[in-house]
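Chemist: One structure coming up, written as structure tokens, with questions to follow.
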Amino acid sequence: MLIELSALHWIYVVFIALIIGFMVKRRDTTLICILGIFLIAITATGSLSSSVSSIFDSFIYAITELLSTILVISIIVAMSKTLTLTGINDVMISPFIKLIRNPALAYWTIGILMMVISWFFWPSPAVALLGAVLLPVALKAGLPALGVAMAMNLFGHGIALSGDFVIQAAPKLTADAAGLPIGEVISASIPLVFVMGLVTTIAAFYFLKRDMRRGLLQPTPYVVTESKIETSEKTLLSMVQKRSFAILIPVLFAIDVAAMFLLDLQGGDATALVGGTSILILLLITMTSHKSKGLEKTTHYLIEGFTFGFKVFGPVIPIAAFFYLGDAGFGKIIGDFLPKGSQGIVNDLGIALANIVPLSKAVGAVTVTTVGAITGLDGSGFSGISLAGSVSALFAVAIGKGAATLTALGQIAAIWVGGGTLVPWALIPAAAICNVDPFELARRNLLPVIIGLTVTTIVAMFLI
């Protein structure tokens, strides 16, 4: 099947290259995305006013598509704030302190806890929830602060965020960009996420133990510092109340997970369930702890959550707006201006590529991993996964199969590099909690992540 490529297709390709180039140079891509939207719109419509309007319409479309994700993350951050301020998180984590008796147990216990908590709360709040309580325990057990930061990074910002099985923000972005159902991307990502996770964390632990044995890494003395949280905040609840909430919250989320499996809830339905549960927990804790001031405090926590949510997704919206033009978003944003017989810009490019260069599974997998890693260089992890999804769809069409696997692979590469394991400016939360140099943390993570991506890419070749 021959596809006639128009100027719209070539403009789209040029701006994909520009976006990748700017990401490599660690420059912001918002202006490039807006310019790309405008040029595609004016080329399609020939109308200046319609093209200017298309910029705004594309933002509206992107926000509409991402709104449920932004909301649930904002609500979860608001809820985690109440857990920290009231001391409930201290009680939730305290049973695991008894497990941390040596460096190995400290690394794996903190890592696994970080992964589980990050699935429900996202990694940034999870770092705050875990770090303040478990860091001194891990240091006392002999694990260097750098090892604690590595565990939190690799398990939280790596495994949990790259799969994102519960909140489903990452698979939502990549699935939309690739034109696939979110369930397909999640299913395809499960083996890849765990291969990447196992290889990377085991490699990191091996290098950590080796350098501790050689004396290159010394145990870090823990210096007690004054807590930033006022003592009055910590005493808002009695110990009985804290323990009750510490039991209730995991039970409620476990019921959510069970409901997702039993009722086959995915995507927006799963997000709504987690978000609604988080709101109820937030209200219950706030009204119990602040009593007469609970109404005002509820609004205060929600404002903090929404501020965080839109700050995180602010850079993502222009990029997503551009990449939505590659699929169904084009008709809804600009109108019916694609060439006759077009299946969407990305699909057209994939078919044309297949007619010119017969691609293999190996070439497709390596290319998607490379593109995903490059898009992660901006330090967000999320701003580039729409590109990873679009490129995956393009190669899948050219190869003739493996769309979900390639999309999941691109998602994993982008988030492992940019979500907080390699790019120094994305490592600041964990580095700050553990009081280590973010550049040294990035250097420590580099080799294990490269090994993990290499093995995962090879596994993906067999799964396509």
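The values are calculated or read from the model by the stated rules, or taken from the named source; none is laboratory data. Please read all numbers here as calculations on a predicted model, not as lab measurements. With ideal geometry, Cβ positions are generated from the backbone for all residues, glycine too; neighbour counts draw on all protein chains shown. What goes into the accessible areas is simple: the full protein's heavy atoms, side chains included, and nothing from ligands, DNA or RNA. Shrake-Rupley method; radii C 1.70, N 1.55, O 1.52, S 1.80 Å.
Chemist: What's the longest uninterrupted piece of the chain once you rule out the GluC sites (Glu not before Pro) that are loop residues per DSSP with at most 14 other Cβ within 10 Å?
Modeler: 231-464
Chemist: Hey, what angle do you get for helix 361-375 against the long axis of the chain, alpha-carbon based, 0 to 90 degrees rounded to 10?
Modeler: Compared with the principal axis, the helix lies near 60 degrees.
Chemist: Oh, and also: Expected output is a single nm value to one decimal: the length gained when fully extending between I34 and A17, i.e. 0.36 nm times separation in residues minus the C-alpha distance. What is it?
Modeler: Here the answer is 4.7 nm.
Chemist: Kindly write out, for segment 95-101 in residue order, the coupling ³J(HN,Hα) from the Karplus curve 6.51 cos²θ - 1.76 cosθ + 1.60 (θ = phi - 60°), rounded to whole Hz, with x marking Gly and Pro.
Modeler: x, 7, 4, 5, 7, 8, 10
Chemist: Rg and Dmax in Å for segment 239-307, alpha carbons only: what are they?
Modeler: Cα-based Rg and Dmax for segment 239-307 come out at 13.9, 40 Å.
Chemist: Right, here's the next one. For Q343, list long-range residues whose amide hydrogen, built 1.01 Å from N in the peptide plane, is under 5 Å from its own amide hydrogen.
Modeler: Under 5 Å from the amide H of Q343 lie the amide H atoms of D348, each far enough along the sequence or on another chain.
Chemist: Still on this model: Bins of 5 Å, beginning at zero and ending with the bin holding the largest distance: percent of Cα pairs per bin for segment 1-83, please.
Modeler: Going out from 0 Å in 5 Å bins, segment 1-83 shows 3, 13, 15, 15, 17, 14, 10, 6, 4, 2, 1, 0 percent.
Chemist: Further, regarding this structure: Looking at S47, G364, F155, which one has the Cα that reaches farthest to the positive end of the dipole of the chain (charges on Cβ: Lys, Arg +1; Asp, Glu -1)?
Modeler: Among S47, G364, F155, the one farthest towards the positive end of the dipole of the chain is F155.
Chemist: Additional query: Whole percent per 10 Å bin, from 0 to the bin with the longest distance: what is P(r) over all C-alpha pairs of the chain?
Modeler: Result, from short to long distances: 4, 20, 29, 25, 14, 6, 1, 0 percent.
Chemist: If you place +1 on the Cβ of every Lys and Arg and -1 on the Cβ of every Asp and Glu, how big does the dipole about the Cα centre of segment 242-312 come out, in debye to the nearest 20? Walk me through the numbers on the way to the answer.
Modeler: Working: 6 positive and 5 negative charges, 98 e Å.
Computed about the Cα centre, the dipole is about 480 debye.
Chemist: So what is log10(I(q)/I(0)) for segment 73-144 at q = 0.17, 0.22, 0.23, 0.25 1/Å, when the Debye sum runs over its Cα atoms only?
Modeler: Debye output, listed in q order: -0.58, -0.91, -0.98, -1.10.
Chemist: Among the listed pairs K81/K291; K172/K297; K25/K172; K98/K140; K81/K140; K242/K297, give every one whose C-alpha distance is greater than 20 Å. Intermediate results must be reported in sequence, preceding the final value.
Modeler: Details: K81/K291 17 Å; K172/K297 31 Å; K25/K172 27 Å; K98/K140 12 Å; K81/K140 27 Å; K242/K297 18 Å.
Those over the limit are K172/K297; K25/K172; K81/K140.
Chemist: Right, another one. Using only the Cα atoms of segment 16-138, what are the Rg and Dmax in Å?
Modeler: Gyration radius and largest Cα-Cα distance of segment 16-138: 22.4, 69 Å.
Chemist: Taking θ = phi - 60°, what integer Hz values does the Karplus form 6.51 cos²θ - 1.76 cosθ + 1.60 yield along segment 386-400, in sequence order, with x for Gly and Pro?
Modeler: In residue order, the calculated couplings are 5, 5, 4, x, 5, 5, 4, 4, 4, 6, 5, 5, 5, 6, x Hz.
Chemist: Another question, then. Would you give the gap between the C-alpha center of segment 168-188 and the C-alpha center of segment 45-89, rounded to a whole Å?
Modeler: For segment 168-188 versus segment 45-89, the Cα centre distance is 18 Å.
Chemist: Compute the FRET efficiency between A362 and D264 as 1/(1 + (r/R0)^6), taking r as their Cβ-Cβ distance and R0 = 25 Å, and round to the nearest 0.05.
Modeler: Here the calculated transfer efficiency is 0.15.
Chemist: Shifting gears a bit: Quantify, in whole percent, the carbon and sulfur part of the accessible surface of the chain (1.4 Å probe; protein heavy atoms only). Present the calculation step by step, with values, prior to reporting the outcome.
Modeler: Working: 13130 of 19260 Å².
Here it works out to 68 percent.
Chemist: Quick check: the angle from helix 7-24's long axis to the longest principal axis of the chain, C-alpha only, nearest 10 degrees?
Modeler: 30 degrees
Chemist: Convert each backbone phi in segment 41-52 into a coupling constant with the Karplus relation 6.51 cos²θ - 1.76 cosθ + 1.60 (shift: θ = phi - 60°), then list the ³J(HN,Hα) values in order as whole Hz, x for Gly and Pro.
Modeler: After applying 6.51 cos²θ - 1.76 cosθ + 1.60, I find 5, 6, 5, 6, 9, x, 10, 5, 5, 5, 5, 5 Hz.
Chemist: Further, regarding this structure: Go through 282-291, 319-328 and give me the packing order, highest mean Cβ count within 10 Å leading.
Modeler: Descending packing order for the listed peptides: 319-328, 282-291.
Chemist: Place the peptides 97-106, 196-205 in order of packing, highest mean first, counting for every residue the other Cβ atoms within 10 Å and averaging per peptide.
Modeler: Descending packing order for the listed peptides: 196-205, 97-106.
Chemist: A further question on this structure: Per 10 Å bin, what is the whole-percent P(r) computed from every C-alpha pair distance within segment 61-213?
Modeler: 11, 36, 32, 17, 4, 0
Chemist: Please list, in chain and number order, the residues 5+ apart from S6 or on another chain whose amide H is under 5 Å from its amide H, with Hs placed from the backbone.
Modeler: Amide H neighbours of S6, under 5 Å, 5+ apart: none.
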